[in-house]
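The numbers here are math on the coordinates, done by the rules we state, and not lab data. From a predicted model like this one, the values you see are computed outputs, not experimental measurements. Cβ placement follows ideal geometry from the backbone for every residue including glycine, while neighbour counts extend to all protein chains displayed.
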Amino acid sequence: MEGDASRISYQALGKDVPVRASGGEVIGTVEHVLEVPELDVFDGIVLRTAGGLRFADADQVADITDRYVMLNLPAGETERLGRPQGPAGLPCRCFRGRRRLAA
């Protein structure tokens, strides 16, 4: 991986950052970050893959850096990531290029 990558907060994570499987393979890019704003809790990320949008829950995210997001799943298992779910038209607030799930 990139030796000069620095860990960052989920709140600083931007769109289009590469998302990697646990072996380092790029499996997609960050579409947006989900959080519970009232609790200031990271909920996960929605990523864009060759197969469409997928959701990685917070416990499936091993590391967030300024250069990539690392999941704790091997590349062969990342296809089991579910599609984002929620009510149609669920409002998101954008902040500095990212999205925050509205209350």
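Electrostatic tally near D16: other residues with Cβ closer than 9 Å to its Cβ, Lys and Arg +1, Asp and Glu -1, net +1. Mind giving me the FRET efficiency for A50 and Q11? R0 is 25 Å, r the Cβ-Cβ distance, nearest 0.05 is fine. Rounded to the nearest 0.05, the efficiency is 0.35.
For I8, the amide hydrogen comes within under 5 Å of the amide hydrogens of I64, T65, D66, counting only partners 5 or more places away or on other chains and with H modelled in the peptide plane.
The gain in end-to-end length when the R80 to R67 segment is fully stretched comes to 2.3 nm, 0.36 nm per residue minus the alpha carbon separation.
Region 1-49 has equivalent-ellipsoid semi-axes of 21, 14, 9 Å, by the square roots of 5 times the alpha carbon gyration tensor eigenvalues, sorted largest first.
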